[in-house]
1. Would you confirm, using the coordinates I've provided, whether Ala19 is in a helix (DSSP H, G or I) and over 16 Å from Ala94 (Cα atoms)?
2. Enumerate the pairs (first residue in the range 55-74 and more than 21 Å from Ile90 (Cα to Cα) and aromatic (Phe, Trp, Tyr); second residue anywhere and open to solvent by 20 Å² or more (accessible area, probe 1.4 Å) and not in a loop (DSSP other than H, G, I, E, B)) with beta-carbon separation below 9 Å, excluding pairs fewer than 6 apart on the same chain, so at least 6 apart or on different chains.
3. What residue, among those in the range 94-109 that are without any contact (Cβ under 8 Å) to a residue 60 or more places away in the chain and not β-branched (Val, Ile, Thr), is surrounded by the most Cβ atoms within 10 Å (Cβ to Cβ)?
4. Confirm whether Ile25 is in contact (Cβ under 8 Å) with a residue 60 or more places away in the chain, buried (at least 19 other Cβ atoms within 10 Å of the Cβ) and more than 18 Å from Glu60 (Cα to Cα).
5. Here's a check for you: in the range 28-48, which residue that is part of a helix (DSSP H, G or I) and not hydrophobic (A, V, I, L, M, F, W, C) is surrounded by the most Cβ atoms within 10 Å (Cβ to Cβ)?
6. Which ones in the range 49-80 are open to solvent by 40 Å² or more (accessible area, probe 1.4 Å) and not aromatic (Phe, Trp, Tyr)?
7. Restricting the range 81-93 to residues that are of a type in the set (A, V, I, L, M) and within 12 Å of the chain's Cα centre (by Cα), which is surrounded by the fewest Cβ atoms within 10 Å (Cβ to Cβ)?
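The values are calculated or read from the model by the stated rules, or taken from the named source; none is laboratory data. The model shown is predicted, which means the values in this text are computed figures rather than measured ones. Positions of Cβ are backbone-derived with ideal geometry, glycine not excepted, and every protein chain shown enters the neighbour counts. These area figures cover heavy atoms from the full protein model, side chains too; ligands, DNA and RNA do not enter into them. Shrake-Rupley method; radii C 1.70, N 1.55, O 1.52, S 1.80 Å.
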Amino acid sequence: MPSFFADECVARLIVEGLAQRGYDIVDAKVICRGDDDERVLALAAAAGRIVITDDWGFGEMTVRHGQPAVGVIILSLYALSAGARETYAIEKIAEIADRTPGHLTIIEPGRIRMRPLPTP
């Protein structure tokens, strides 16, 4: 089971929901509040954790700039209402968790896209 690192933008309900399902998840709001995205990515990679975020900049850092990452999950769920967004995110992350290491994963309403991350 992969471990996760939730970026500051990830709703508390998502972090709590994944923890309740037994996932090892660290919340950036607790350990590195206010750090920039590059630091968050580096901390997650050093800890062997997959980043969960809604910030597309993480895709740019990993795919275009080749910064190391265990994996990145981008939640692009703005079309859903607040309550539905959290529930959907938890369900979809749980469905694909084991396939996310080594990938940039984008979760949208109705579809999931996965792209292998560049190897160093």
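1. no
2. Within 9 Å, no pair qualifies.
3. The selected residue is Leu104.
4. no
5. Asp37
6. Asp54, Asp55, Glu60, Arg64, His65, Gly66, Gln67, Pro68, Val70, Ala79, Leu80
7. Applying the filter and picking the extreme gives Ile90.
A quick yes/no check of all residues on (1) under 19 Å from Pro101 (Cβ atoms); (2) modelled with pLDDT of 95 or more; (3) within 14 Å of the chain's Cα centre (by Cα):
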position: Ile25; (1), (2), (3): yes, yes, yes
position: Ile31; (1), (2), (3): no, no, no
position: Thr53; (1), (2), (3): yes, yes, yes
position: Val63; (1), (2), (3): yes, no, no
